[in-house]
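Asks: Below is a structure I'd like to ask you about.
The values are calculated or read from the model by the stated rules, or taken from the named source; none is laboratory data. Worth saying up front: this structure is predicted, and the values here are computed from it rather than measured. No Cβ is skipped: glycine too gets one built from the backbone with ideal geometry, and neighbour counts run over all protein chains shown. Accessible surface areas use protein heavy atoms only, side chains included; no ligands, DNA or RNA. Shrake-Rupley method; radii C 1.70, N 1.55, O 1.52, S 1.80 Å.
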Amino acid sequence: MKKTTARPKIYLAGPEVFVRTASALGAAKVEICAKYGVQGVYPLDGQADVSHLPLADQGYAIARANEKLMLGCAAGIANLTPFRGAGMDIGTAYEIGFLRGHDKPVFGYTNSHLSFFERVMKFNGGSLRRRSTKFPGFIFEDDRKMGVEEFEFTENLMIESAIHESGLPIVRGKTRRAERYTDLTSFDICVRHAAAILLA
């Protein structure tokens, strides 16, 4: 009898759960994962009906369900595309920390070609002030006198480091604004490289 090997499960974190076509987009991501021999686990997979619960309890139930999904996965792939501001989706950032805290590798991609510093600069109207400091990487500040990190990273240094320590650089792509959360080109590249590591 031929021995069967279970495909590694990868939790697919990202803000695409908020788009109108979230389920279809999730299905497309899962299909890409299958193409490379891994099993994609989308946050909307297996979500129980929580509509009978009070509003806050609905949110807590969704969070618990997502944590359970992550615990059952071997790794995660996070969409770092900027969401509602200069930085990534905060829920996805939490999920990266949760996965890393449970010794699971996390790989990442973004559909923005700009660095975190460039995006913060743009978010602040294109101007930041220099300041005197002994801390490298924090020689600029915004109009609230808050330091702005500049390490040529895609995201905040903790996010960048978490993904770097998992073994792959962040895949940085460029898309049209209308396709920022639906273009899966960079995701496909990220899955291919992550699968090569997980299946080695």
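Asks: What does the net charge come to around Lys174 if you take all other residues with beta carbon closer than 12 Å to its beta carbon, with K and R at +1 and D and E at -1? Please list the in-between numbers first.
Replies: Numbers: positive: Arg172, Arg176, Arg177, Arg180; negative: Glu179, Asp183.
My count for the surroundings of Lys174 gives +2.
Asks: Here's another thing I want to ask about it. Could you tell me the number of lysine pairs in the chain with C-alpha atoms less than 17 Å from each other, where the two lysines are 8 or more residues apart or belong to different chains? All intermediate terms of the calculation are to be shown ahead of the outcome.
Replies: Working: Lys9/Lys29; Lys9/Lys35; Lys9/Lys68; Lys9/Lys104; Lys68/Lys104; Lys122/Lys145; Lys122/Lys174; Lys134/Lys145.
Here the count comes out as 8.
Asks: Let me ask something else. Can you tell me the orientation of helix 22-35 relative to the chain, as the angle in degrees between its alpha-carbon axis and the longest Cα principal axis, to the nearest 10?
Replies: Helix 22-35 sits at roughly 70 degrees to that axis.
Asks: Something else now. Quick check: the angle from helix 55-71's long axis to the longest principal axis of the chain, C-alpha only, nearest 10 degrees?
Replies: The answer is roughly 70 degrees.
Asks: Leaving ligands, DNA and RNA out of it, rank Ile90, Ile62, Ile170, Ile77 by accessible area with a 1.4 Å probe, largest first.
Replies: Details: Ile90 145, Ile62 70, Ile170 25, Ile77 0 Å².
Per-residue accessible area, sorted high to low, gives Ile90, Ile62, Ile170, Ile77.
Asks: If you plug each phi of the range 180-197 into the Karplus form 6.51 cos²θ - 1.76 cosθ + 1.60 with θ = phi - 60°, what whole-Hz ³J(HN,Hα) values come out, in order, with x for Gly and Pro?
Replies: Couplings: 4, 9, 10, 6, 10, 4, 5, 4, 4, 4, 5, 4, 4, 6, 5, 4, 4, 6 Hz.
Asks: Ordered by packing density, taken as the mean number of other Cβ atoms within 10 Å over each peptide's residues, highest first, how do 46-59, 63-76 rank? Display every interim value, and only then the final one.
Replies: Working: 46-59: 10.4, 63-76: 16.9.
Packing proxy ranking, top to bottom: 63-76, 46-59.
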